[in-house]
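First, the structure itself, so that you have it in front of you.
Read-outs: derived from the displayed coordinates by stated rules, not from any lab. All values reported here derive from a predicted model rather than from experimental measurement. Ideal geometry is used to build each Cβ from the backbone, glycine not excepted, and the neighbour counts take in all protein chains shown.
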Amino acid sequence: MSRPISKSKRQSERKKNASESLLFLSKILDEDNFTRPILSDSVARSILRLGKRHGVRISPKIYQKICRKCHVYLVPGKNSRIRISNGFILNTCITCNRIYRFSLDKNR
């Protein structure tokens, strides 16, 4: 009889598979350039769902491009508005009017 797989090994394997899936989905978002908005929004929802279900963090670059209220992929000029004010980048989702504030890093 074979030995059962330990819980920690299953969890680490599950997280590894989830992080590979996140990388694949983020590549789709980078390459799509909002030519197919339905696909972009679907991929954005899948990225958020995978991150929550498996406890895998999304890269900050991708995380800032997804609206956490209506789960759409934010593209400046198409469905989001970008403003710079008082040392912050204000990213407004036009779909749900949610405002995201990111600090301007002086070192960059």
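From the list Gly87, Gly55, which residue is at positive phi and free of Cβ contacts under 8 Å to residues at least 40 places away in the same chain?
Every option except Gly87 fails the conditions.
Which members of segment 24-54 meet the condition of being part of a loop (DSSP other than H, G, I, E, B) and exposed (fewer than 11 other Cβ atoms within 10 Å of the Cβ)?
Matches in segment 24-54: Asn33, Thr35.
Just one of the numbered conditions (1) surrounded by 14 or more Cβ atoms within 10 Å (Cβ to Cβ); (2) in a loop (DSSP other than H, G, I, E, B) is not true of Lys69; which one?
Of everything listed in (1) surrounded by 14 or more Cβ atoms within 10 Å (Cβ to Cβ); (2) in a loop (DSSP other than H, G, I, E, B), Lys69 misses just condition (1).
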